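Here's the structure we're looking at; comments come further down.
The values are calculated or read from the model by the stated rules, or taken from the named source; none is laboratory data. Fair warning: this is a prediction, and the values are worked out from it, not measured in the lab. Neighbour counts are summed over all protein chains in view; Cβ atoms, including those assigned to glycine, are modelled from backbone coordinates with ideal geometry. Side chains included, ligands, DNA and RNA excluded: accessible areas come from the protein's heavy atoms. Shrake-Rupley method; radii C 1.70, N 1.55, O 1.52, S 1.80 Å.
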Amino acid sequence: MNDAPIYLDNNATTACDPAVVSAMLPFFTEQFGNPSSMHSFGNKVGFALKEARAKVQALLGAEHDSEIVFTSCGTESDSTAILSALKAQPERNQIITTAVEHPAILTLCEYLEKEGYAITRLGVDKRGRLDMDEYKAALGPRTAIVSAMWANNESGTIFPVEQMAELAHAAGAQFHTDAVQAVGKIAIDLKKTKIDMLSLSGHKLHAPKGVGVLYLRRGTRYRPLLRGGHQERGRRAGTENAASIVGLGVACEQAQQQMAFENTAVKRLRDRLEAGILAQVPRCFPTGDVTNRLPNTSNIAFEFIEGEAILLLLNKAGIAASSGSACTSGSLEPSHVMRAMGIPYTAAHGTTRFSLSRYNTESEIDRVIAAVPPIIAQLRKISPYWGEKGPVEKPEDAFAPAYA
Amino acid sequence: MWDYSEKVREHFFNPRNAGLLDGANGVGDVGSIKCGDALRLMLKVDPDSEKIVEAGFQTFGCGSAIASSSALTEIIKGKTLDEALKVSNQDIADYLDGLPPEKMHCSVMGREALQAAVANYRGEVWKDDHEEGALICKCFAVDAVLIEEVVRVNSLTTVEQVAHFTKAGGGCASCHEGIEEILAKVSKEACTAPTAATKPTPASVAAAAPAAAPKLTNFQRIRKIEETVEAIRPMLQRDHGDIEIVEIDGKNIYVNLKGACVGCMMEAATLNGIQTKLVEALGEFVRLLPAAMLGKAQ
């Protein structure tokens with residue numbers, strides 16, 4: 001029996017594709033030139049970047065290659081987009097975002113709130129969906145930018161960003177989407193949308209860490225975050241991370257070729273995994289909008305046990321996943337995404353995310369389906385909220401601590 | 001991934017005394033499912049000797065919560081209740097070869113469950129006003145609630161003072177933004193609170209909290225400084241270090257760190273800790289400086 005470790009944490013990061021690595025290697029050695037240089041050393045690298053830019057453009061369906069701005073990561077792209085919208089439209093001081101964004105957006109918004117900006121955080125229902133009427137009501141003449149993620153990193157739930165961008169434009173606001181989870185997993189055709197800015201991160205789609213993209217629609221009013229040299233047409237100064245950009249180009253090309261595979265074969269494995277676990281484990285349920293989510297993501301809430309303990313036991317069984325539990329982040333609150341969806345505390349601490357990639361196999365999924373039920377049973381056996389046959393009656397009353 | 005010791009891993013993967021304990025006559029419940037940590041400690045106590053014959057636990061929580069519970073039951077088995085009550089959360093952490101700072105609350109919870117279980121056995125009511133906030137200083141495991149309380153009670157206004165009083169921010173300094181936010185929050189409250197008018201807003205710490213302390217003569221003051229430093233020396237010597245007082249000039253006290261303390265990463269933190277002790281002992285604000293600064297500081 002093969003018991004190599006099984007990687008089901010691809011929403012955290014992905015393995016670099018071997019073709020990506022081999023395309024990058026020359027740029028650490030003979031192709032070391034600065035793409036801005038006039039001589040042949042620089043020139044060759046410059047052409048390689050141009051080629052990579054075209055591949056990113058193709059995957060995103062951008063109209064012009066100059067709409068692709070290379071950055072260092074998704075977080076940089078997010079910060080650039082939001083701060084640019086505020087700088088470029090000083091007469092507008094409101095940001096509309098959602099309660100389930102990545103910290104790259106939420107922490108920045110918290111900071112901007114302290115600086116005096118008005119932040120509107122749209123809530124979600126128990127399936128993680130937005131209320132479009134609430135969104136329409138929030139839009140106004142003071143809205144500088146709307147930032148909503150294309151797909152949620154924890155539950156995989158997809159937001160109607162194309163429709164949201166139309167509405168933002170109608171209100172004269174810019175629209176940004178953090179699409180680091182969506183790019184490469186679902187088809188995107190930006191030229192057919194009103195989206196002004198989009199963030200992507202290389203390491204989520206089998207490119208290396210340390211490279212990202214800000215898509216910037218031609219004509220969108222913009223102020224750079226980093227000023228300096230003329231790189232990226234002055235929109236993001238700093239010498240290009242040439243090797244990683246080349247790698248990202250190859251990764252985008254592959255993602256485009258694998259798009260159908262991702263939405264059929266990978267999706268089927270995900271569904272098989274989820275169904276296999278749900279069929280065997282009592283008192284657990286999938287979170288998010290299961291009818292409208294990323295094809296690779298399954299987030300299952302196991303009631304009355306805690307996520308970090310689940311992860312440690314999974315890890316011992318050679319399975320890598322992640323959790324929305326408070327303990328895995330070092331904070332005392334469980335995931336803000338699960339809380340926004342109103343998942344009760346009895347389940348939120350036990351949410352476990354399995355995120356697949358095109359490298360996962362049928363036999364790996366079978367091993368996970370076999371490994372999970374005993375782990376859950378083992379932890380429930382020592383949980384004060386779980387009795388002989390199931391959860392204790394009214395867990396919050398049965399277990400009455402001196403403080404809560 | 002947390003940096004868990006082998007001992008923590010071992011107690012998590014093979015917890016001792018897990019599950020319901022039949023015939024338990026002392027049960028302590030602490031934590032809640034909301035916080036993500038809940039522990040039920042069950043004791044079987046021999047009524048004649050008050051010895052803990054058996055101990056069991058049920059825990060809802062992370063790896064270190066389960067390991068801390070397991071360790072606790074192993075530590076207290078065979079002890080009398082009075083002996084068991086002497087077990088501190090640090091004892092639990094030490095038994096496990098240490099816990100990451102973010103996880104120290106797991107050992108605190110263990111100790112609280114023990115107190116609750118003993119109270120339950122004795123027919124007493126155990127009440128704890130325990131409150132825990134977000135962890136601000138990771139070097140010394142100081143949380144927001146504690147910092148806020150200390151800032152409020154002592155009318156602190158600078159990050160430096162917070163470090164003197166709580167140690168928070170005295171290590172790697174990366175939490176200073178968080179401490180500044182707490183200071184700003186408390187100072188804003190103090191400005192808007194209706195009682196602000198009756199409350200003196202001190203210009204310095206010296207005039208604030210410890211102001212009630214009786215004024216010492218110069219001689220008493222020097223003696224006090226000496227006594228305080230002497231009391232700390234054995235601790236430093238245990239780590240193969242030492243300290244000597246070189247000069248006392250107003251609020252500046254100049255010292256030499258010796259032995260292992262020299263060039264130690266925690267030198268600044270050590271000085272901060274000793275300074276806190278001196279501030280407490282003297283009832284006035286003093287600065288502890290390396291002797292090399294003699295004649296340079298204002």
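Here are a few things to note about the model shown:
- Every residue from the stretch B:141-155 that is at pLDDT below 90 and buried (at least 24 other Cβ atoms within 10 Å of the Cβ): B:Val142
- Considering only residues in the stretch B:73-109 that are touching a strand residue (DSSP E or B) at 6+ places or on another chain (Cβ under 7 Å) and modelled with pLDDT of 90 or more, the one that is nearest to B:Gly63 (Cα to Cα) turns out to be B:Thr73.
- The stretch A:239-353 holds helices (runs of 4 or more DSSP H) entirely within its bounds, and those carrying 1 or more residues that are at pLDDT below 95 map to A:307-316, A:336-340, A:345-348.
- Among the residues of the stretch A:363-387, the one identified as at the interface with chain B (Cβ under 9 Å from one of its Cβ atoms) and open to solvent by 40 Å² or more (accessible area, probe 1.4 Å) is A:Lys381.
- Residue in the stretch A:332-353 that is touching a strand residue (DSSP E or B) at 6+ places or on another chain (Cβ under 7 Å), free of Cβ contacts under 8 Å to residues at least 24 places away in the same chain and not hydroxyl-bearing (Ser, Thr, Tyr) present: no
- For B:Asp82, the requirement of being out of contact with any Phe, Trp or Tyr (no Cβ under 8 Å at 6 or more places or on another chain), away from chain A (no Cβ under 14 Å) and free of Cβ contacts under 8 Å to residues at least 40 places away in the same chain is met.
- The condition of being within 14 Å of chain A (Cβ to nearest Cβ), hydrophobic (A, V, I, L, M, F, W, C) and free of Cβ contacts under 8 Å to residues at least 24 places away in the same chain holds for only one of B:Ala18, B:Ala38, B:Ala24, that being B:Ala38.
- Breaking point among (1) open to solvent by 60 Å² or more (accessible area, probe 1.4 Å); (2) on the phi < 0 side of the Ramachandran plot; (3) in the same structural domain as A:Pro35 (by TED's automatic domain parsing), for A:Gln280: (3)
- Any hit, the stretch A:248-271, residues being among the acidic types (Asp, Glu), open to solvent by 10 Å² or more (accessible area, probe 1.4 Å) and closer than 21 Å to A:Ser355 by Cα: yes
- Pair list, Cβ < 8 Å and 6+ apart or interchain, from the stretch B:234-246 residues that are farther than 12 Å from B:Val262 by Cα to residues that are part of a helix (DSSP H, G or I) and open to solvent by less than 80 Å² (accessible area, probe 1.4 Å): B:Ile245/B:Ile225; B:Ile245/B:Val229; B:Val246/B:Ala291
- Residue tally, condition outside any helix (DSSP H, G or I) and either open to solvent by less than 30 Å² (accessible area, probe 1.4 Å) or within 21 Å of B:Val30 (Cα to Cα) (or both), over the stretch B:156-167: 1
- Of all residues in the stretch A:26-45, those being hydrophobic (A, V, I, L, M, F, W, C), surrounded by 12 or more Cβ atoms within 10 Å (Cβ to Cβ) and in a helix (DSSP H, G or I) number 3.
- Only listed residue being surrounded by fewer than 22 Cβ atoms within 10 Å (Cβ to Cβ), touching a strand residue (DSSP E or B) at 6+ places or on another chain (Cβ under 6 Å) and over 20 Å from A:Lys204 (Cα atoms), chosen from A:Phe302, A:Phe285: A:Phe285
- Identity of the residue in the stretch B:90-131, charged (D, E, K, R) and open to solvent by less than 70 Å² (accessible area, probe 1.4 Å), that ends up farthest from the other protein chains (Cβ to nearest Cβ): B:Asp91
- Residue within the stretch B:252-268 that is more than 22 Å from the chain's Cα centre (by Cα), closer than 28 Å to B:Lys215 by Cβ and among the hydroxyl-bearing types (Ser, Thr, Tyr) present: yes
- Single condition B:Glu177 does not satisfy, out of (1) part of a helix (DSSP H, G or I); (2) within 14 Å of another protein chain (Cβ to nearest Cβ); (3) open to solvent by less than 50 Å² (accessible area, probe 1.4 Å): (3)
Matching residues to (1) basic (Lys, Arg); (2) surrounded by 18 or more Cβ atoms within 10 Å (Cβ to Cβ):
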| position | (1), (2) |
| --- | --- |
| B:Pro234 | no, no |
| B:His240 | no, no |
| B:Lys251 | yes, no |
| B:Leu257 | no, yes |
| B:Glu267 | no, no |
| B:Val279 | no, yes |
| B:Leu282 | no, yes |
| B:Phe285 | no, yes |
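- Selection count, the stretch A:94-132, where residues are in contact with a helix residue (DSSP H, G or I) (Cβ under 9 Å, 6 or more places away or on another chain), of a type in the set (Lys, Arg) and surrounded by 14 or more Cβ atoms within 10 Å (Cβ to Cβ): 1
- Residue within the stretch B:48-66 that is more than 30 Å from B:Trp2 (Cα to Cα), within 14 Å of chain A (Cβ to nearest Cβ) and modelled with pLDDT of 90 or more present: no
- Matching residues in the stretch B:201-232 - criterion: being surrounded by 10 or more Cβ atoms within 10 Å (Cβ to Cβ), modelled with pLDDT under 80 and not hydrophobic (A, V, I, L, M, F, W, C): B:Thr201, B:Pro202, B:Ser204, B:Pro210
- Scoring A:Val337 on the criteria (1) more than 11 Å from every other protein chain (Cβ to nearest Cβ); (2) open to solvent by 20 Å² or more (accessible area, probe 1.4 Å) leaves a single failure, condition (2).
- Scanning the stretch A:296-316 for residues that are within 21 Å of the chain's Cα centre (by Cα), facing chain B (nearest Cβ under 10 Å) and either farther than 18 Å from A:Pro282 by Cα or of a type in the set (Ser, Thr, Tyr) (or both) yields A:Glu308, A:Leu311.
- Any chance A:His102 is over 24 Å from A:Gly324 (Cα atoms), assigned by TED's automatic domain parsing to the domain that holds A:His230 and touching a residue at least 12 places away in the same chain (Cβ under 8 Å): no
Every residue, every condition in (1) in contact with a Gly (Cβ under 9 Å, 6 or more places away or on another chain); (2) within 25 Å of A:Ala255 (Cβ to Cβ), yes or no:
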site	(1), (2)
A:Pro5	yes, yes
A:Val21	yes, yes
A:Thr29	no, no
A:Gly33	yes, no
A:Ser36	yes, no
A:Ser40	yes, no
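- Residues that are touching a residue at least 24 places away in the same chain (Cβ under 8 Å) and within 14 Å of chain A (Cβ to nearest Cβ), drawn from the stretch B:143-163: B:Ala144
- A:Ala15 being open to solvent by 50 Å² or more (accessible area, probe 1.4 Å), of a type in the set (Gly, Ala, Ser), modelled with pLDDT of 95 or more and in a loop (DSSP other than H, G, I, E, B): yes
- Out of B:Ser5, B:Ser70, one residue alone is away from chain A (no Cβ under 12 Å), within 26 Å of A:Leu311 (Cβ to Cβ) and in contact (Cβ under 8 Å) with a residue 24 or more places away in the chain. It is B:Ser5.
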